[in-house]
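Report on the following structure.
The values are calculated or read from the model by the stated rules, or taken from the named source; none is laboratory data. Remember, it's a predicted structure, so these values are computed and weren't measured experimentally. Positions of Cβ are generated from backbone atoms using ideal geometry, with glycine treated the same way; all protein chains shown enter the neighbour counts. Surface accessibility is based on the protein's heavy atoms, side chains included, excluding ligands, DNA and RNA. Shrake-Rupley method; radii C 1.70, N 1.55, O 1.52, S 1.80 Å.
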Amino acid sequence: MGEQRVEHFSLLARSKTNGAMVLTAKSGHFIQLSELELVTWAIRPVLSLVPRPAMPASDASMRKLDESAMVRSTQAPSFPRDSHARSAVDSIRVLDSLWARAYATQDTTFANALFADSMAATSAGGVSKGKQGELADTRPQPGLQMHYFRTAQVEVRMYSGAAIVTGLAEWEFAQNGQPTALRRRYTTTYVRGGPLGWRTVALHLGPAAVR
């Protein structure tokens, strides 16, 4: 009978803004946590049922989690193990969610890990930016209060070593107390690599149809 295997994670980055942490394992799996509770799994399955011999009850080393193993689950995930493509799509979807969360929480630590140094971004107004320009839009600014940033209607298309994500981004913020709500269509291009397994190399925002 199989038993759960716990992967050991080490700290990759920690946000100075909200204390959120990004953890990574040697396998390439990674997760993002709040200071005290799990925010989301970033790549699943993190735990898998594997055949292992039973260990003596007196073996305390097998009953004690290493301090770097900060997360564990009570049940094995249900994703098909023979579907590498399915796992990659799930990973990209979670990255898309974490990308939106980085804007909502003004988390430049995660954004810096996600954005490639050569990233090219285009705003809905046609302004071209690089990584540093996009990070500037992510970080806290005087008088700016983010209310939310979320994505919907997300579609993922996988290619050899790359992924294209399309969806609808909606966000609301207040600048000096003046609220503004925006909706934009977006296209994001990911390629394999970087500390999170995938990195954003291109981002394009465009107008969204009026509801």
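Just to be sure before I move on: is Glu155 open to solvent by 30 Å² or more (accessible area, probe 1.4 Å) and part of a strand (DSSP E or B) in the structure I sent? First the steps, then the outcome.
Numbers: open to solvent by 30 Å² or more (accessible area, probe 1.4 Å): yes; part of a strand (DSSP E or B): yes.
So Glu155 passes the test.
Among the residues here, Ala136 does not qualify as surrounded by 18 or more Cβ atoms within 10 Å (Cβ to Cβ) and without any contact (Cβ under 8 Å) to a residue 60 or more places away in the chain. If you go through the range 180-196 and keep only what is of a type in the set (A, V, I, L, M, F, W, C), open to solvent by 20 Å² or more (accessible area, probe 1.4 Å) and touching a residue at least 60 places away in the same chain (Cβ under 8 Å), you end up with just Val191.
Take Ala120 and tell me if it is in a strand (DSSP E or B), open to solvent by 30 Å² or more (accessible area, probe 1.4 Å) and more than 22 Å from Arg211 (Cβ to Cβ). Yes, satisfied.
So, of the residues in the range 139-152 that are in contact with an Asp or Glu (Cβ under 9 Å, 6 or more places away or on another chain) and more than 24 Å from Trp198 (Cα to Cα), which turns out to be most open to solvent (accessible area, probe 1.4 Å)? Across the range 139-152, the extreme among qualifying residues is His147.
Determine, yes or no, whether Gly177 is at positive phi and within 21 Å of the chain's Cα centre (by Cα). Step through it out loud before you land on a result.
Numbers: at positive phi: yes; within 21 Å of the chain's Cα centre (by Cα): no.
In short, no.
Filter the range 158-179 down to the residues that are over 30 Å from Ser87 (Cβ atoms), out of contact with any Phe, Trp or Tyr (no Cβ under 6 Å at 6 or more places or on another chain) and open to solvent by 50 Å² or more (accessible area, probe 1.4 Å) and list them by number. Matches in the range 158-179: Gln175, Asn176, Gly177, Gln178, Pro179. Residues in the range 91-108: is at least one part of a loop (DSSP other than H, G, I, E, B) and free of Cβ contacts under 8 Å to residues at least 12 places away in the same chain? Taking every residue of the range 91-108 in turn, none turns out to be part of a loop (DSSP other than H, G, I, E, B) and free of Cβ contacts under 8 Å to residues at least 12 places away in the same chain.
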